[in-house]
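Here's the structure, in structure tokens; my notes come after.
FYI, it's all coordinate maths here, none of it is from the lab. Owing to the predicted nature of the structure, the values given are computational and were not obtained by experimental measurement. FYI the Cβ positions are ideal-geometry reconstructions off the backbone, even for glycines, and counts take in every protein chain you see.
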Amino acid sequence: MIIKFYSKPDCGLCIEGLHTLKIVQEDIDFTIEHYNIEEDDEAHEKYMLMIPVVEYNGNVVQYGQLDYATLYEALVD
């Protein structure tokens with residue numbers, strides 16, 4: 001399973017969100033692909049007010065303030 005994580009440098013909420021996502025990764029096996037929205041015009045336009053964004057199978061699972069319970073429920077089989 002591949003999870004896309006959209007963020008940008010110097011984003012405190014993004015650092016916290018990635019930490020939360022990594023805690024979920026301890027309980028569910030998946031790979032995190034990091035995307036810097038500042039390097040992708042389309043992603044920047046789409047997510048600039050939402051980051052951090054967690055996406056799975058083309059769907060936004062959660063954005064902004066990420067929490068373990070929501071991520072776990074969305075990603076568990």
*Specify the residue that is surrounded by the most Cβ atoms within 10 Å (Cβ to Cβ); the eligible residues are those in the range 22-69 that are of a type in the set (Val, Ile, Thr) and under 16 Å from Ile2 (Cβ atoms).*
Val54
*Which residues, taken from the range 1-16, are surrounded by 13 or more Cβ atoms within 10 Å (Cβ to Cβ) and in contact with a helix residue (DSSP H, G or I) (Cβ under 9 Å, 6 or more places away or on another chain)?*
Ile3, Phe5, Tyr6, Ser7, Lys8, Cys11
*asked:* So for the range 25-45 (the condition being among the polar types (S, T, N, Q), outside any loop (DSSP other than H, G, I, E, B) and in contact (Cβ under 8 Å) with a residue 40 or more places away in the chain), does at least one residue qualify?
replied: no
